[in-house]
1. Taking the condition crowded, with 17+ Cβ neighbours inside 10 Å and under 16 Å from MET118 (Cβ atoms), does VAL47 pass?
2. I want to confirm something. Restricting to region 74-99 and keeping residues that are under 24 Å from PHE110 (Cα atoms) and assigned to a loop (DSSP other than H, G, I, E, B), which single residue is nearest to the chain's Cα centre (by Cα)?
3. I need the full set of residues from region 109-126 which are without any contact (Cβ under 8 Å) to a residue 40 or more places away in the chain and part of a helix (DSSP H, G or I), in order please.
4. Quick check on LEU21: is it assigned to a helix (DSSP H, G or I) and buried (at least 16 other Cβ atoms within 10 Å of the Cβ)?
5. Which count do you get for residues in region 85-99 that are buried (at least 17 other Cβ atoms within 10 Å of the Cβ) and in contact with a helix residue (DSSP H, G or I) (Cβ under 6 Å, 6 or more places away or on another chain)?
6. Can you find a residue that is over 19 Å from PHE123 (Cα atoms) and modelled with pLDDT of 95 or more anywhere in region 2-15?
7. Can you tell me which condition LEU106 does not meet? The list is (1) under 25 Å from ALA6 (Cβ atoms); (2) assigned to a strand (DSSP E or B); (3) of a type in the set (A, V, I, L, M, F, W, C); (4) modelled with pLDDT of 95 or more, and all the others hold.
8. Answer yes if at least one residue in region 53-63 is out of contact with any strand residue (DSSP E or B) (no Cβ under 6 Å at 6 or more places or on another chain) and surrounded by 14 or more Cβ atoms within 10 Å (Cβ to Cβ), and no otherwise.
Amino acid sequence: MTTDNAQLEGLRILVAEDEGLIALELETVLQGFGCEVIGPVSRVPEVLREAERGNIDGALLDVNLRGEQIFAILPQLIALGLKIVITSGYDDATLFPPEFRNLPRLAKPFDERALRAMCETAFLRS
């Protein structure tokens with residue numbers, strides 16, 4: 001794992017998070033990696049709208065946005081070719097619908113190294 005930002009530099013990452021402090025922390029850390037943050041957005045329809053707008057290299061999506069689960073729109077996001085990392089306070093994959101259990105997942109709270117490694121793995125593969 002590299003400590004420079006060259007790998008993630010310039011990536012446009014959509015952040016979907018309804019907890020203000022977590023959203024701010026994610027935005028700050030991603031910007032520190034050299035990423036451009038889209039959002040943060042805090043509602044499911046906003047996630048879909050941003051994804052459909054396009055030009056996004058990846059998305060960090062909280063499972064639960066203001067009481068609405070992200071799972072309803074995941075098939076559409078995947079169909080758009082969006083690279084997705086699910087962020088959740090729950091690290092138990094069995095709590096997710098079976099068709100989404102293999103998506104990259106990051107349990108909250110996360111540390112910067114884990115976030116960087118996950119972004120490199122999920123968003124840089126061609």
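1. no
2. Out of the qualifying residues, it is LYS83.
3. If the condition is that a residue be without any contact (Cβ under 8 Å) to a residue 40 or more places away in the chain and part of a helix (DSSP H, G or I), then ALA114, MET118, THR121 are the ones that fit.
4. For LEU21, the condition - assigned to a helix (DSSP H, G or I) and buried (at least 16 other Cβ atoms within 10 Å of the Cβ) - is not met.
5. Selection size over region 85-99: 1.
6. Within region 2-15, not a single residue is over 19 Å from PHE123 (Cα atoms) and modelled with pLDDT of 95 or more.
7. (4)
8. Within region 53-63, not a single residue is out of contact with any strand residue (DSSP E or B) (no Cβ under 6 Å at 6 or more places or on another chain) and surrounded by 14 or more Cβ atoms within 10 Å (Cβ to Cβ).
The values are calculated or read from the model by the stated rules, or taken from the named source; none is laboratory data. Since we're looking at a predicted model, the values are computed, not measured. All Cβ positions, even for glycine, are placed from backbone atoms using ideal geometry, and neighbour counts span all protein chains on display.
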